[in-house]
Amino acid sequence: MNTPRAITIALIMTVTVSVSAQQFLPVKGINNARHLGGITVQDGRVVRDNMLIRSAHLADASDEDIDYLVMCKK
């Protein structure tokens, strides 16, 4: 069965994540923003830094927050 990549990533990330592996991002308008880089998933691969970000509500992100997130992806 061909599963779209976005869904595959969501399924991989159902593994338990230790709090120490999560790193907060320096953004002011986004609550609880963290990148999940460094986490080893079920098949042994490691998530790259700033490739997968989790957070609370994004609607209050400032222009500077958006710029930071765009810069992380480069």
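The values are calculated or read from the model by the stated rules, or taken from the named source; none is laboratory data. Because the structure is predicted, anything quoted here is derived from the model rather than measured. Methodologically, a virtual Cβ is constructed for each residue, glycine included, from the backbone with ideal geometry; neighbour enumeration extends over all protein chains shown.
Table for the structure above
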item	result
Residue satisfying all of: in segment 56-68; touching a residue at least 12 places away in the same chain (Cβ under 8 Å) and outside any loop (DSSP other than H, G, I, E, B); surrounded by the fewest Cβ atoms within 10 Å (Cβ to Cβ) among these	Glu64
Residues of segment 47-74 satisfying the condition of being under 11 Å from the mean Cα position of the chain (by Cα) and among the aliphatic types (A, V, I, L, M)	Val47, Met51, Leu52, Ile53, Leu69
Scan of segment 30-55 for residues that are β-branched (Val, Ile, Thr) and assigned to a loop (DSSP other than H, G, I, E, B), ordered by number	Ile30, Ile39, Val41, Val47
Residues within segment 20-29 that are within 13 Å of the chain's Cα centre (by Cα), modelled with pLDDT of 85 or more and part of a loop (DSSP other than H, G, I, E, B), tallied	1
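Quick grid of which residues meet (1) on the phi > 0 side of the Ramachandran plot; (2) out of contact with any helix residue (DSSP H, G or I) (no Cβ under 9 Å at 6 or more places or on another chain); (3) touching a residue at least 40 places away in the same chain (Cβ under 8 Å); (4) of a type in the set (Lys, Arg):
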{"position": "Asn31", "(1), (2), (3), (4)": "no, yes, no, no"}
{"position": "Arg48", "(1), (2), (3), (4)": "no, yes, no, yes"}
{"position": "Met51", "(1), (2), (3), (4)": "no, no, no, no"}
{"position": "Arg54", "(1), (2), (3), (4)": "no, yes, no, yes"}
{"position": "Val70", "(1), (2), (3), (4)": "no, yes, no, no"}
